[in-house]
1. Considering only residues of the range 125-158 that are touching a helix residue (DSSP H, G or I) at 6+ places or on another chain (Cβ under 7 Å) and under 19 Å from P66 (Cα atoms), which is surrounded by the fewest Cβ atoms within 10 Å (Cβ to Cβ)?
2. Considering each residue of the range 59-87, count those that are open to solvent by less than 30 Å² (accessible area, probe 1.4 Å) and part of a loop (DSSP other than H, G, I, E, B), and give that number.
3. Looking at the structure I just gave you, is A104 modelled with pLDDT of 95 or more and of a type outside the set (F, W, Y)?
4. Residue under question is S28, and the condition is that it be at pLDDT below 95, of a type in the set (S, T, N, Q), part of a loop (DSSP other than H, G, I, E, B) and surrounded by fewer than 18 Cβ atoms within 10 Å (Cβ to Cβ); does it hold?
5. How do the pairs read when you match residues in the range 58-78 that are under 13 Å from N113 (Cα atoms) with residues anywhere that are open to solvent by 100 Å² or more (accessible area, probe 1.4 Å), using Cβ under 9 Å and keeping only pairs 6 or more apart or on different chains?
6. Condition test on A115, is it under 17 Å from F75 (Cβ atoms), at pLDDT 90 or above and surrounded by 15 or more Cβ atoms within 10 Å (Cβ to Cβ)?
Amino acid sequence: FVGRGTAAPVMLTFTSSSVMAQTCFTPSAAISLHPSGLARHSVHSVVPCNGASPAVWGSRNQNEWPGKFKLNTRFSEFFKPELSDKNMTFASVLQSTDPGLVAARASVATLLNVAKGDVNAAVLGGRSPRDIWTAMNRGGFVPYTGARVWSPAKVAAWLATTWGEPLPPNFASLP
């Protein structure tokens, strides 16, 4: 933009958010958001996502599900440790309104969104939804080196950004 000592004007065009994909945040970007909601990290910390929510996945027909995943796939076939009800299927987890299953719903929806290609796996910081679930339930999920352990509620809130939910205003203070 600068040539021969003179600056050339630059015009930027922004697309309406209704046309753009949702913006997902890597774990480090999510935790360090400015109160205005803008990331203080580089553009590489945000990734476009077009994931579907647990409610949307729970209402879809089998032919809309990616690859090997089925409505009647047992949660315990893909996620360890298992839920207390070992027979819960992906569909029953996604359709549940039990507040105790919020992290399980988010994990299943994220697994399906990544498998379908609607969420870039890079947003998960190099981990799979299965790895995140296991970490949450075995000592806690540490999103990046030097971070504090995130609670299942915080992980679920972060994963919800992959289907368009904003981070809650109190995200940084969630355990």
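1. Among them, the one singled out is R130.
2. The number of residues fulfilling the criteria is 6.
3. Details: modelled with pLDDT of 95 or more: yes; of a type outside the set (F, W, Y): yes.
Answer is yes for this residue.
4. Spelling it out, it is not the case that S28 is at pLDDT below 95, of a type in the set (S, T, N, Q), part of a loop (DSSP other than H, G, I, E, B) and surrounded by fewer than 18 Cβ atoms within 10 Å (Cβ to Cβ).
5. Hits for this filter: G58/Q95.
6. yes
The values are calculated or read from the model by the stated rules, or taken from the named source; none is laboratory data. Because the structure is predicted, anything quoted here is derived from the model rather than measured. Don't worry about glycine lacking a Cβ; one is built from the backbone with ideal geometry, like all the others, and counts go over all protein chains shown. Each accessible area value is taken on the protein alone, full model and side chains, heavy atoms only, with ligands, DNA and RNA left out. Shrake-Rupley method; radii C 1.70, N 1.55, O 1.52, S 1.80 Å.
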